[in-house]
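This report refers to the structure that appears directly beneath it.
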Amino acid sequence: MPTILSIKNLRKAYAGGFEALKNVSLDIEEGEIIALLGPNGAGKTTLISTVCGITMPTSGTVSVAGHDILTDYRAARSLIGLVPQEIALEPFEKVINTVRFSRGLFGKGRKDAAVEDILKRLSLWDKRDNQIRELSGGMKRRVLIAKALAHEPRVLFLDEPTAGVDVELRKDMWQIVEQLRADGVTTILTTHYIEEAEAIADRVGVINKGEILLVEDKDKLMARMGRKQLDVQLTTQLSAIPETLSHYDLALGNDGWTLVYSYDTKSERTGITMLLTDVAGAGLQLKDVVTRQSSLEDIFVSLVQDSQGDAA
């Protein structure tokens, strides 16, 4: 697929010398869903604000479908929809008028059929004549998405779109993003919900302290960096790992009732068979054995910790 958003060596520094973005480079393909993960203050919102023209970059370039965000601002911005973190809506305005107004801001003519379609897809059509103040927090977030889609953008930024939203509504929003992908809309979302990235993203980017640590296909990332964990549940509680098992990568879990063994799925040999043999040889009786794959959250935490260690 062709690249629709190209970010090259983007840097944002403030007067005091603080660098919010440090030479960020990222190419995003048309129609893909990419999740940007990072702790608070990592630079996620600054990156989005700069691409959307809210914040001026210190250096570097950004283009949307070939349109530079500085030299061809109007064309670039018309292709972008933004759903911000903050819910900033006129409380006494009707839902349908709020969405129509956003469409007009981009110079789009009145198109009731398009507005109706957006509101129906977001389950807002029955609320179209309600004032914003009458809506729940989740419904207000849906209005923000409707506003962002009103001018029919090709790139949609979702900045923490499900913050404070219940699980059911969060899953509804995931379905909405999938529907947009079917229409060819490219979606970039920032999130603190790791399961959100696992559920809907094609690629995952990890950002920390203004730097992109990696951007990789989600499945390849988990296959490359994921480790499996074997929990050997015992019938006897241990206070320490027996000396005969000290050469294994073991930890005590569950208050001493479980031996936790981590191993690389890519290794030629996992060592599990020998471990279980040696566990029996140490006079320990097994109650159960459970395995689990490292989650994206495990990988994310590991990457951020490594970057902080390098900085130190």
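Read the figures in this text as sums done on the coordinates, not as results from a lab. All values reported here derive from a predicted model rather than from experimental measurement. Reconstructed Cβ throughout: ideal geometry from the backbone, glycine too, with neighbour counts over all protein chains shown.
General remarks:
- Difference of contour (0.36 nm per residue) and Cα-Cα distance, residue 73 to residue 92: 3.7 nm
- Gain upon complete extension [residue 1, residue 131; 0.36 nm per residue less C-alpha separation]: 42.7 nm
- Distance (nanometres) between label positions extended 7 Å along Cα→Cβ at residue 216 and residue 56: 3.9 nm
- Taking all Cα pairs closer than 8 Å and separated by 6 or more residues, the relative contact order of the stretch 227-293 comes to 50 percent.
- Residue-averaged [θ]222 nm for the chain, counting only DSSP H segments that reach four residues, each worth -39500 (n - 2.57): -10000 deg cm²/dmol
- Dipole of the stretch 124-214, positive direction: furthest Cα of 187, 131, 174, with charges on the beta-carbon: 131
- The structure shown yields Rg and Dmax of the Cα atoms in Å, and of the options (1) 24.2, 79; (2) 32.3, 146; (3) 19.5, 61 that calculated value carries the label (1).
- Gyration tensor (alpha-carbon) shape descriptor, the stretch 1-81, a/c threshold 1.5: oblate
- Placing +1 on the Cβ of every Lys and Arg and -1 on the Cβ of every Asp and Glu, with no other charges, gives the chain a dipole of roughly 1200 debye about its Cα centre.
- Here, the stretch 227-293 has an Rg and a Dmax of 11.2, 32 Å when only alpha carbons are counted.
- In degrees, nearest ten, helix 137-149 long axis to first principal axis of the chain (Cα): 60 degrees
- Those residues of the stretch 242-258 whose amide nitrogen sits under 11 Å from the label point placed on residue 287, 7 Å along Cα→Cβ: 254-258
- Electrostatic dipole magnitude of the stretch 98-257 [Cβ: Lys, Arg +1; Asp, Glu -1; Cα centre; debye, to 20]: 1040 debye
- Lys/Arg +1, Asp/Glu -1 at C-beta; the chain dipole; positive extreme among 118, 236, 282: 118
- Look at the dipole of the chain built from charges on Cβ: of 291, 200, 161, the Cα furthest out on the positive end belongs to 161.
- Counted charge near residue 278, where neighbours are those whose Cβ lies closer than 14 Å (Asp, Glu -1; Lys, Arg +1): -2
- In plain terms, the chain from residue 229 to residue 167 could stretch by 19.6 nm, reckoned as 0.36 nm per residue minus the Cα-Cα distance.
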